[in-house]
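Please read the structure below before turning to the comments.
The values are calculated or read from the model by the stated rules, or taken from the named source; none is laboratory data. Bear in mind that the values here come from a model prediction, so they are computed numbers and not experimental data. In case anyone asks, the SASA skips ligands and DNA or RNA and just uses the protein heavy atoms, side chains included. Shrake-Rupley method; radii C 1.70, N 1.55, O 1.52, S 1.80 Å.
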Amino acid sequence: MRQITVMTGPERGRRWSDEERLQILAEAFAPGASVLAVARRHDISTARIYTWRNKLRQPPALTEFAEAVVDDGEQQNAHQAAMPVIIVDLGGKGRVSISASAPAALVSAALKALR
């Protein structure tokens, strides 16, 4: 006679919604909470909780665009309606001009990228 072993436990490859992740993170990092206890209660590893937290701390991807003009310094763009507020000179490689209408988050991300 053959023996069959049925293994029960958490479903592998489970997909967690953003709301579920945020709820688990809030539980795990509440004052006086234990990450291990929360992980056991939800049947997940502590590493997954820390990974979710690290991903949440990362800055969001840049999703906005603003007009930035890169020129060689010899010609002016006639179609540029307003004078740029920020001009970053890239040496012999040209310049980057950022207008006043650019969102602050976009300007910050662009300047960090130029570092």
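Mind checking the full-extension length gain between Arg14 and Phe29? Use 0.36 nm per residue of separation minus the Cα-Cα distance, one decimal, nm.
Numbers: separation 15, 0.36 × 15 = 5.40 nm, distance 2.20 nm.
Taking 0.36 nm per residue and subtracting the Cα distance, the gain is 3.2 nm.
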Inset, instruction - Name the long-range amide H neighbours of Arg95: under 5 Å, sequence gap of 5 or more, or other chain; modelled H, no Pro or chain starts. - result: Asp71, Gly73, Leu90
Inset, instruction - Could you tell me the accessible area of Leu25 in Å² (1.4 Å probe, neighbours in place), rounded to the nearest ten? - result: 20 Å²
